[in-house]
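Take a look at the structure set out below.
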Amino acid sequence: MIRILVIGPSIERTKGGMATVIRDALALNQQRPEVELTHLVSHVEGSVAERIMVTAKSLWYTLRHRNKFDLAHIHVASKGSFYRKSLFVHLCRLLGKPVVLHVHGADFDSFYFAAASMLRRYIRHTFRVAAQVFVLSVFWRNFFQQHITKGNVQIVHNGVDVAAFSTCISAVPDYNNFLFLGRLGKRKGVYDLLQAIEMIVAAMPTSPMHFWLAGDGEINAVIEEVRRRNLGAFVTVVGWIDGQQKLQYLKQADTMLLPSYDEGLPMSILEAMACGKVIISTFVGGIPDLIINGEHGFLIQPGDVNALAKAIRNVHEQKERMRVISAKNIDRIREHYDLNKINLQILETYQRMTRK
């Protein structure tokens with residue numbers, strides 16, 4: 001049996017894609033008797049004192065239980081996440097344990113280029129001592145190989161539990177229901193979206209379209225912006241949703257919106273495609289690997305509000321074309337992003353690294 005220490009944020013007290021990926025990966029414990037995964041929580045959303053205490057306890061656990069795991073799979077993003085996880089990387093190296101660094105940060109390139117030269121050297125050193133670096137897309141593979149490390153980079157896509165999201169596949173009579181699913185704020189393009197909706201409403205004041213904005217972040221500021229633009233009849237801010245509530249919103253929507261300025265490989269888009277939703281997003285991060293513009297939805301340049309409004313109107317006006325796209329999206333996820341296939345790829349890497 002291969003014993004894996006999975007190091008990353010709490011899956012109960014942390015929101016976002018990294019926690020979802022960890023939660024899905026832990027399913028290997030039930031699916032594969034040849035692997036045993038233990039989740040070690042490195043971060044929680046709480047006070048500074050609590051976050052420091054959680055990290056310190058987990059470092060101590062790693063040291064004390066060094067004979068109880070064969071490999072550490074460490075999930076990392078940028079900024080504070082990187083610096084916390086780097087402590088685990090170097091501790092595991094001292095203990096003689098191989099490390100997989102699994103990069104999720106949507107803005108890791110910006111983080112790296114903004115760092116002082118000494119910190120850049122530390123970032124490069126940390127990734128180069130890892131036995132394997134998992135990245136989410138061709139974009140991120142090229143970035144890491146060009147700037148940080150070369151010989152140990154492997155693309156491992158995020159995966160979707162296809163069976164779980166098949167319940168959200170629904171027959172769409174029209175294409176009037178749009179769902180934004182992500183952190184509410186500038187980086188995810190939510191204010192660009194509101195500006196685009198305002199343009200559409202000005203041109204189509206009796207439009208039947210409706211937009212649900214779901215996520216944490218700047219909820220009150222977005223609600224105020226909806227009020228200021230007089231979009232209350234067209235936009236509903238629902239806040240954070242998860243579990244069955246998220247499935248219900250995905251079922252009632254026909255199009256997923258995420259006009260982000262940077263991304264890794266968003267779980268929200270993968271999940272929406274598994275449900276057969278049309279995607280409107282941007283040419284950033286791993287999104288162009290996943291979505292061929294015009295075949296699985298529409299990609300625009302970040303901040304291009306006119307193009308965003310045009311893409312929304314295309315969905316609304318070209319219903320037969322959208323039904324074809326919907327079917328293609330379901331097939332694409334099942335073929336290339338099925339969670340069972342992704343977990344098997346990860347397991348094969350574990351076996352290769354531990355020679356078991």
- Item | Which listed residue is out of contact with any Gly (no Cβ under 7 Å at 6 or more places or on another chain), under 22 Å from A171 (Cβ atoms) and surrounded by fewer than 24 Cβ atoms within 10 Å (Cβ to Cβ), from K277, K251 | K251
- Can you name the residue in segment 92-107 that is part of a helix (DSSP H, G or I) and touching a strand residue (DSSP E or B) at 6+ places or on another chain (Cβ under 9 Å) and is also least open to solvent (accessible area, probe 1.4 Å) among such residues? C92
- Query: Does N176 qualify as being over 23 Å from the mean Cα position of the chain (by Cα), open to solvent by less than 20 Å² (accessible area, probe 1.4 Å) and modelled with pLDDT of 90 or more?
  - Reply: yes
- The helices (runs of 4 or more DSSP H) lying entirely within segment 1-87 that contain at least 2 residues which are farther than 20 Å from V160 by Cα and modelled with pLDDT of 85 or more are 48-64
- Selection within segment 205-223 - of a type in the set (A, V, I, L, M) and without any contact (Cβ under 8 Å) to a residue 40 or more places away in the chain: L213, A214, I219, A221, V222, I223
- Task: Can you run down the residue pairs with Cβ atoms below 8 Å, 6 or more apart or on separate chains, where the first is in segment 255-278 and within 18 Å of L194 (Cα to Cα) and hydrophobic (A, V, I, L, M, F, W, C) and the partner is open to solvent by 10 Å² or more (accessible area, probe 1.4 Å) and assigned to a helix (DSSP H, G or I)?
- Result: M256/S268; L258/S268
- Query: How many residues are in a helix (DSSP H, G or I) and out of contact with any strand residue (DSSP E or B) (no Cβ under 8 Å at 6 or more places or on another chain) when one looks only at segment 208-220?
  - Reply: 1
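The values are calculated or read from the model by the stated rules, or taken from the named source; none is laboratory data. Quick caveat, the model's predicted, so the values are computed rather than measured. Neighbour counts are summed over all protein chains in view; Cβ atoms, including those assigned to glycine, are modelled from backbone coordinates with ideal geometry. The accessibility values were calculated without ligands, DNA or RNA, using every heavy atom of the protein model including side chains. Shrake-Rupley method; radii C 1.70, N 1.55, O 1.52, S 1.80 Å.
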